[in-house]
1. Residue pairs, Cβ under 7 Å, 6 or more apart or interchain, first in the range 232-253 and farther than 17 Å from Ile375 by Cα, second within 14 Å of the ligand (Cβ to nearest atom) and not in a helix (DSSP H, G or I). List them.
2. Which residue pairs have Cβ atoms under 6 Å apart, sit 6 or more places apart or on different chains, and have a first residue in the range 206-220 that is more than 11 Å from Asp364 (Cβ to Cβ) and a second that is among the acidic types (Asp, Glu)?
3. Looking only at the range 102-133, count every residue that is under 26 Å from Gly166 (Cα atoms) and either crowded, with 23+ Cβ neighbours inside 10 Å or within 16 Å of the ligand (Cβ to nearest atom) (or both) and tell me the total.
4. Considering only residues that are more than 20 Å from Leu294 (Cα to Cα) and touching a His at 6+ places or on another chain (Cβ under 7 Å), which ones fall in the range 208-238?
5. Condition test on Glu333, is it more than 16 Å from the ligand (Cβ to nearest atom), among the charged types (D, E, K, R) and part of a loop (DSSP other than H, G, I, E, B)?
6. Within the range 286-302, can you find the residues that are within 16 Å of the ligand (Cβ to nearest atom), of a type in the set (A, V, I, L, M, F, W, C) and under 17 Å from Met208 (Cα atoms)?
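The values are calculated or read from the model by the stated rules, or taken from the named source; none is laboratory data. Keep in mind that this is a model prediction, so the values were computed, not measured. Please note: Cβ atoms are built from the backbone with ideal geometry, for glycine as well, and neighbour counts cover all protein chains shown.
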Amino acid sequence: MISSEKIPNNVGLSSNKRLQRALEHWQPQYIQWWKDMGPQGFQDYHQVYVRTAVSVDPSGWAHFEYVKLPEYRWGIFLADPVQDRRIGFGDFFGQPVWQEVPGEFRNQLRRLIVTQGDTEPASVEQQRWLGQRCPSMYDLRNLFQVNVEEGRHLWAMVYLLHSYFGRDGRDEAEELLARQSGNRDKPRILDAFNEPIENWLDFFMFTMFTDRDGKSQLLSLSESSLDPLSRTTRFMLTEEAHHMFVGETGIARIIERTCQLMKETGFSEDVRRLGGIDIPTIQKFINLWFSLSLDLHGNEISTNAASYFGNGLKGRAQEEKFTDHHVGEAYYELDVPNGPALERQHIPMRSAMNEVLRDWYVGDCEAGVVRWNKIFERHGMSQRLRLPDRKFNRGIGMFSSLQFEPSGAPISASEWERRRGEWLPSSADREYLLSIMATPVYEPGKFANYIAPPLRGVNRMPVNFEYVRTEA
Ligand code: BYC
């Protein structure tokens, strides 16, 4: 059960006074950050119907109530320990997992935890203006649910930093609140988390694709030999699932509405004249957020990834599905740029672990796009959305200095410059989206013209439930 102390937790925080004091010292800084950088305009006078965890078992973590956002019960929740858990991969395979951080891996683990932690507040910062442009009260509530849980994920990482990394960890926890998404002097660590999220198409694509990187990274960290990291990330995954639901169903509802509008226009693709979002624009946002999120998996060939795996710090998603957990002799076949051509090379598998995780990620994204395309099928339409090739628009890794079409065909730098507006959102596309989102929809049960209502409400409540209440 989760205690209802000042910092709700299931880690027996009150029995470790030093840690409790340190975290209680960080807490007001966090709240200040949340007020400054969290949802703008919804801090003081609004009550939001959100899910909060009262325990970590399935019946307890889906408890719903109205709360004022700054009073959300952010806390420290670890999944239950697995009895006699053993290291599942790498050079220490089969040994008991660690309850403390081994000195020799301290820097690497700190780096992984800081990188993970940094993404959480970053996403809240990126999304802080969206409430002013929301398509419905239902969506507004979902946005805030995602935001408070990202805040809680930051708590999860800060708990690990404070508990296991001493002074360095406390300094890192402060830095997590000091860096700012998009800030030129103190940006967030990973590139996608410095991109603006200014409209709801960005938001739904982000929760579909970037939160799905969250899923793949959390799955691989949940395999970690450091048991507190594994237990923390295992619980985070339960919350992450809802974020991807918000993204996938958000885009599905936009597609649904686009199909309806296309019928109204006599199957013309020009739904903008009816205030809808046309399919080419949806495709451009897929191209953008999918490629940005591919970058989040790091370099194709990475000594960092090899040593994370060898040392048992970060495994593969669903490690138990693999047969070889040592991976000393195996190779990964990769198309590596060699001049203008690609050359198939055999890369030691451990060095290709980022690519292995990226494979898992691409498969998970593809399944989502197949589900979206079923909407067109249901409407009897031949249009289809697709993921771009993984070489397209890359900013990290061996394809980042080369240019490719979404199909994967190589093109010259000048052709890329000439044609990128066909494939990625242009400023005109962004202006159009802002124009149809300029007036937020706050009336319960009403939806902006460009998006269909959801099939059902939250927690069996009706779709027209007052998910966000304004205090008198
Ligand atoms: N942007 O050897 P490499 C989530 C850097 S999302 C900028 O490939 P590695 C969430 C890299 O840091 C999940 N820099 O690196 C979603 C390194 O720098 P140094 C977040 C990048 O370590 C939505 C250099 O390039 N969690 O939870 O194998 C909402 C060499 O790279 C990028 C994690 O990422 C980039 N995209 O792989 C809220 C898990 N990529 O050493 C939350 C923890 C690489 O030269 N992180 N670099 O200064 C990791 O596992 C790894 O750090 C990475 C990169 C997968 C990110």
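1. Thr233/Ser222; Arg234/Ser222; Leu237/Ser222
2. Listed pairs, sorted by first residue: Gly214/Glu240.
3. First, the residues of the range 102-133 that are under 26 Å from Gly166 (Cα atoms): 102-122.
From what is left, the residues that are either crowded, with 23+ Cβ neighbours inside 10 Å or within 16 Å of the ligand (Cβ to nearest atom) (or both) are 105-122.
Summing the residues that are under 26 Å from Gly166 (Cα atoms) and either crowded, with 23+ Cβ neighbours inside 10 Å or within 16 Å of the ligand (Cβ to nearest atom) (or both) in the range 102-133 gives 18.
4. Answer for the range 208-238, where residues must be more than 20 Å from Leu294 (Cα to Cα) and touching a His at 6+ places or on another chain (Cβ under 7 Å): just Met236.
5. Details: more than 16 Å from the ligand (Cβ to nearest atom): yes; among the charged types (D, E, K, R): yes; part of a loop (DSSP other than H, G, I, E, B): no.
Judged against the criteria, Glu333 is not a match.
6. Taking the range 286-302 first, the residues within 16 Å of the ligand (Cβ to nearest atom) are 288-302.
Among the residues that remain, those that are also of a type in the set (A, V, I, L, M, F, W, C) are: 288-290, 292, 294, 296, 301.
Result: Leu288, Trp289, Phe290, Leu292, Leu294, Leu296.
Residues are listed down the side, and each one gets a yes or a no for (1) of a type in the set (A, V, I, L, M); (2) touching a Ser or Thr at 6+ places or on another chain (Cβ under 9 Å):
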position: Glu5; (1), (2): no, yes
position: Pro8; (1), (2): no, yes
position: His25; (1), (2): no, no
position: Pro28; (1), (2): no, no
position: Ile31; (1), (2): yes, no
position: Val48; (1), (2): yes, no
position: His63; (1), (2): no, yes
position: Val82; (1), (2): yes, yes
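Rundown of residues vs (1) at pLDDT 95 or above; (2) in contact with a strand residue (DSSP E or B) (Cβ under 9 Å, 6 or more places away or on another chain); (3) not charged (D, E, K, R), yes/no style:
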residue	(1), (2), (3)
Ile301	yes, yes, yes
Glu333	yes, yes, no
Gly339	no, no, yes
His346	yes, yes, yes
Arg371	yes, no, no
Leu385	yes, no, yes
Asn393	yes, yes, yes
Ile396	yes, no, yes
